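> Sending over a structure as structure tokens; questions will come in a sec.
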């Protein structure tokens, strides 16, 4: 009797779309199901009528990253709060490990910088720049708006752009 050879499941990072303001809840539910998921957050100061408070807000609205294989799709989609996978070119978007690590590293070292996420579909590429300092040193990016503090790092696999604010001396034209 021959042994059946099954391919090991290839787990890759995907993006799932969640109900509005459900990012952290979905992340918790997926981890309870045994998945490696991640909802990147950044601290923001919010003003209430009587005080200021630092809160953690999701970096990507309505998105959670999950490391999964095709076999996991049904289990993921059956999770409360999950709407669907994010699709790019009619396939579930795959995020490279290096892109996940770059976001993690930047969030870990970002004390004076802030990150904003912008949909690339509305922004044409213009001026090319080189990054002179920090985590992205030596990399090139495209500045979309005229501003002295912004460098745009493209995350092509999800058709999004990560906007990282730098001091003007950290960026130069090339």
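Taken together, the values in this text are just the output of simple stated rules run on the coordinates, not laboratory data. Keep in mind that what you see is a predicted model, and the values were worked out from it rather than measured. So basically every Cβ, Gly included, is an ideal-geometry build from the backbone, and we count neighbours across all protein chains shown.
> Can you work out the PRE-style zone for residue 78? Point 7 Å along Cα to Cβ, and I want the residues of region 11-46 with backbone N under 20 Å.
16-19, 26-37
> Give me the extension gain from residue 100 to residue 70: residue separation times 0.36 nm, minus the current Cα-Cα distance, reported in nm with one decimal.
Stretched fully, the residue 100-residue 70 segment lengthens by 8.9 nm.
> Which FRET efficiency value, to the nearest 0.05, is calculated for residue 9 and residue 90 with the Förster distance at 22 angstrom and r the Cβ-Cβ distance?
Computed FRET efficiency for residue 9 and residue 90 comes out at 0.50.
> On to the next question. What distance in nm separates the simple spin-label points at residue 33 and residue 47, each placed 7 Å from Cα in the Cβ direction?
4.1
> Residue 54 versus residue 25, label points 7 Å from Cα toward the beta carbon: distance in nm?
2.7
> Given axes a ≥ b ≥ c from the Cα gyration tensor, I'd like to know whether region 10-95 is rounded (a/c under 1.5), prolate (a/b larger than b/c) or oblate.
prolate
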